[in-house]
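Structure first, then comments.
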Amino acid sequence: MVFVYIVLSLIAVYIIACLVVIASGVKESPNIPKGTVGIVLGCRVIDDQPCPMLARRCERAKKYLDSDDTAILILSGGKGSDEGISEAQAMYNYLTSLGVSPDRLIKEDKSTTTLENMKFSKAILDELGRGDEAVIITTNFHQFRAQIMAKREGINPYRLCSSLTPASMLKNVLREIIVMPSLLKK
């Protein structure tokens, strides 16, 4: 029985540590340099429309563009087998419907994972000659993992976070806790 208590205690400590780490990524970066490229990370597309989480990411990205008229966005997300269009295209359609100029949007539509989002977006940053800094725009629970992946691909990241409904927070935080050990691999 003592063994069970030890195991349960270790699991509880792990979960608490993960929650602290995830929460550390929620704070937005202050003083983002003017003209820094934003990378909006993709998320599920339903009936060729951004899911509510992706729509919130796009709205946060638009707010960033509204605050910096020299910034552009890389919309990063490929097409899943159950999606009619790529996540990048869904973001593009949504943002242009909100009045964002297509000149300020670049679609990266090959990625299927957060690591690929960063890898392919870094290639676009290099092509543009815009340096290695980027603003990672994603949902608050996802920011910590995205920051690690960005650094692994040579991106010096800033953070901007979109919000999440309480109903979907639990499911997504649990997913982050489960994948946290994979961040230790390189």
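The values are calculated or read from the model by the stated rules, or taken from the named source; none is laboratory data. Treat the numbers as computed from the prediction; the structure is a model and nothing was measured. Cβ atoms come from the backbone with ideal geometry, glycine included; neighbour counts cover every protein chain shown.
Observations on the structure shown:
- Of the candidates Gly99, Gly131, the single residue that is surrounded by fewer than 17 Cβ atoms within 10 Å (Cβ to Cβ) and under 14 Å from Cys58 (Cα atoms) is Gly99.
- For the stretch 102-128, residues that are of a type in the set (Ser, Thr, Tyr), in contact (Cβ under 8 Å) with a residue 60 or more places away in the chain and either out of contact with any strand residue (DSSP E or B) (no Cβ under 8 Å at 6 or more places or on another chain) or more than 18 Å from Arg57 (Cβ to Cβ) (or both) total 0.
- Filtered by the rule that a residue be surrounded by fewer than 22 Cβ atoms within 10 Å (Cβ to Cβ) and not in a helix (DSSP H, G or I), the stretch 134-156 gives Glu153, Gly154, Asn156.
- Test: Arg44 is within 16 Å of Asn140 (Cβ to Cβ), touching a Leu at 6+ places or on another chain (Cβ under 9 Å) and touching a residue at least 24 places away in the same chain (Cβ under 8 Å): no
- Odd one out for Ile32, checked against (1) farther than 22 Å from Ser163 by Cα; (2) among the aliphatic types (A, V, I, L, M); (3) in a loop (DSSP other than H, G, I, E, B): (1)
- Test result for Lys62, at pLDDT below 80, of a type in the set (Lys, Arg) and out of contact with any Ser or Thr (no Cβ under 8 Å at 6 or more places or on another chain): no
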